[in-house]
Amino acid sequence: MTARTRLLSAALVVAVAAFGGAVYAERATASPDSGQRIVLGSGPQIVGLDVATLLGRGDPQRQMLELAYERVEHAYYKPVADQLMIVGEQKALTAYLKAKKVADPQVPKSMATGDRTRDLAILERTLTAVQTRYADLAPKTTYTQVALVGMLGGLGDPYTTYLSPQEIRSLDEQLRGGNFGGIGVYIVKDQKTGSIVVDPIEGNPAIKAGIHPGDVIVAVDGNSTMSQSLDAVEREIRGPLGSVVSLTLKRHGSDAATVVRVTRAEIHVPSVRAKVENGIEYVRLQDFGTTSAEEVRAAFLDGKKHNVSGYILDLRNNGGGLLDAAVDISSLFIAQGTIVSTIDRAGNRDVRSASGSAIDTKPLVLLVNRYTASASEITAGAVQDYGVGTLVGEKTFGKGVVQSLYTLPDKGALKITTARYVTPKGRDIHHKGIVPDVIVTQRVDLPIIDTPADKQLSAAKKIIESKSTD
């Protein structure tokens, strides 16, 4: 199972992921501060606070606050007013205490001084005061996490935040394409009925056990899924390798319940779904993970073997992923030249160029919509700038910034916007999006995609048909 269907608007571009320095060590570069800095290839490194020094300075909760403050001061993509972080922390702690039924939360209110040492001390005093006064309501770690979310949230940047250890594991899993104990399904909640609808992934235990696309999961091991969140259902379905999970299902168009027992296995969730249909190679890309470029390349090469008349890359509802993956996928269509340029707070520009691995994919159509974001927009922008393909659909999301991940002692991480990016022609698409060459509007509805009701896909096929007969 995967969280992809729930992350459509996450719009994340991660420079290179190195959670704890273990997952993507071959692409990550350690920064001079001995902390794990996720850098953009050979781009500039930020000299920040020494993590080893912090770890010897007493309270680990204060240490995390200091790390967050220093990372923002050194690495955030534009200058920051400390008052934003101070107010953000105060508001977050106040809101948390109110949610815990505290009638009049006593959270210290202070103003920034403009002096970094004093402003950091204000942040620390506020956290300590709340931890001490309300020690019976929650552990110190909870207050620290709330304070971190508030501090970073005060910047007004939805992409800069604290990620808990669990959230980091989920992000890591998504970008690596899975590899966990499960049954191999996508799940999505029907917005009208609240039902959990399943879509099994080819080659995995669920489909082998007889689970069909569109089946509704009524219960997991006898526990009703009604009113449960996707996260909760996901946790129930997953489990130790080799163990068995029992799913109570309702088939599409039937009220009868069917019980299916599935043995959990290690699941790899591909980021690509591809098929050749009516002489056209159709490739739907879910996200930009570590294996995505290889999967897209293999799909397009398979199309060449079948002598297809054209290629469609579907980036609709694709919220992004790794910057490296965006460059590598764009390089399949662009023989040489700049793919994207990232620019940090000092104005330093890191130019990412085509890798020289282009294959002939003409005519090419990219499908985009309002949830095509971030890494997807890097590829769409490069294809449009070089004129190597036609963009069809609706204006994209408009996220033109890049995040870096910094690990913390609690195994969580800071996700901080460290650069903005521009297309090969220098277009800044942040908050603007990319307008496709051919505009075709339709409902943003997953069940419509790749069906006869998919007007955008039909338009793409007509473009390829017209170009192949020219």
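Every number here is computed from the coordinates shown, using simple stated rules; none is lab data. Here the structure is a predicted model, which means the values were calculated and not measured. We place every Cβ from the backbone using ideal geometry, glycine too, and count neighbours over all the protein chains shown.
Numbers below:
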{"item": "Estimated dipole of the stretch 178-268 in Debye, rounded to 20 [Cβ of Lys and Arg +1, of Asp and Glu -1, Cα centre]", "result": "120 debye"}
{"item": "Taking Phe288, Phe397 and counting other C-beta atoms within 10 Å, the order from fewest to most", "result": "Phe397, Phe288"}
{"item": "Extended-chain gain in nm, criterion 0.36 nm per residue less alpha-carbon gap, Arg235 and His74", "result": "54.2 nm"}
{"item": "Dipole magnitude of the stretch 331-398, debye to nearest 20 (Cβ charges: Lys/Arg +1, Asp/Glu -1, about Cα centre)", "result": "80 debye"}
{"item": "Chain lengthening between Lys109 and His252 when straightened (0.36 nm per residue, less Cα-Cα)", "result": "45.9 nm"}
{"item": "Thr141 paired with Val188, simple spin-label distance in nm, labels 7 Å along Cα-to-beta-carbon", "result": "3.5 nm"}
{"item": "Three-way shape call for the stretch 272-468 based on the alpha-carbon gyration tensor, with the a/c threshold at 1.5", "result": "prolate"}
